[in-house]
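Visitor: Can you keep this structure in mind? I'll have questions shortly.
Every number in this text was worked out from the coordinates using simple rules, so none of it is lab data. This one's a predicted model, so the numbers in the text were calculated from it and none came from an experiment. So basically every Cβ, Gly included, is an ideal-geometry build from the backbone, and we count neighbours across all protein chains shown.
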Amino acid sequence: MRGKILASSIVVIMTIFFAGIAQSSEVKEINSGELQEMMNKETKMTIVDIRASGAFNKGHIPGAVNMPYFNAEEQTQKELGSDETIVLVCYGGVMSLDLAKVLKKNGYTDVYSLSGGMGGWNGATVK
């Protein structure tokens, strides 16, 4: 009986431990409303739009900087600190999520991806 309880306890502890590790490396996806809230609170962050410059110039989130996807990883790591709050934006949310995962693996701690990308953005845009 004691052996079963001990084994069960070990399984529970290991599950909690590994779930914590997995959760800490997950990328936070935020929706349009959450990003607008962060912007309204004047949260210090950098919004990085990884779409092609032509798409960026047609309309982007106010305050966003353009770092096209093909060199965004390298450019982000050169220009932004690993402790900065970074929100990544793309066309539909897939490429920004991929890049966010790469940045997390490289030590960036506060990285977000805009769910749905610009297609999901319902706030103001600027040209």
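Visitor: Only residues that are among the small types (Gly, Ala, Ser) and either crowded, with 23+ Cβ neighbours inside 10 Å or in contact with an Asp or Glu (Cβ under 8 Å, 6 or more places away or on another chain) (or both): list them for the stretch 88-115, please.
Guide: Those that are among the small types (Gly, Ala, Ser) and either crowded, with 23+ Cβ neighbours inside 10 Å or in contact with an Asp or Glu (Cβ under 8 Å, 6 or more places away or on another chain) (or both): 93, 96, 100, 113, 115.
Visitor: For residues in the stretch 107-127 being aromatic (Phe, Trp, Tyr) and part of a loop (DSSP other than H, G, I, E, B), which is farthest from residue 56 (Cα to Cα)?
Guide: 108
Visitor: Looking at the stretch 37-50, which of its residues are surrounded by 14 or more Cβ atoms within 10 Å (Cβ to Cβ) and either without any contact (Cβ under 8 Å) to a residue 24 or more places away in the chain or more than 15 Å from the chain's Cα centre (by Cα) (or both)?
Guide: 39
Visitor: Read through the list (1) over 15 Å from the mean Cα position of the chain (by Cα); (2) assigned to a helix (DSSP H, G or I), then give the number of the only condition that residue 72 fails.
Guide: The failed condition is (1).
Visitor: Still on this structure: Against the conditions (1) surrounded by 15 or more Cβ atoms within 10 Å (Cβ to Cβ); (2) touching a Gly at 6+ places or on another chain (Cβ under 9 Å), where does residue 122 fall short? Just the number, please.
Guide: Result: residue 122 passes all but (1).
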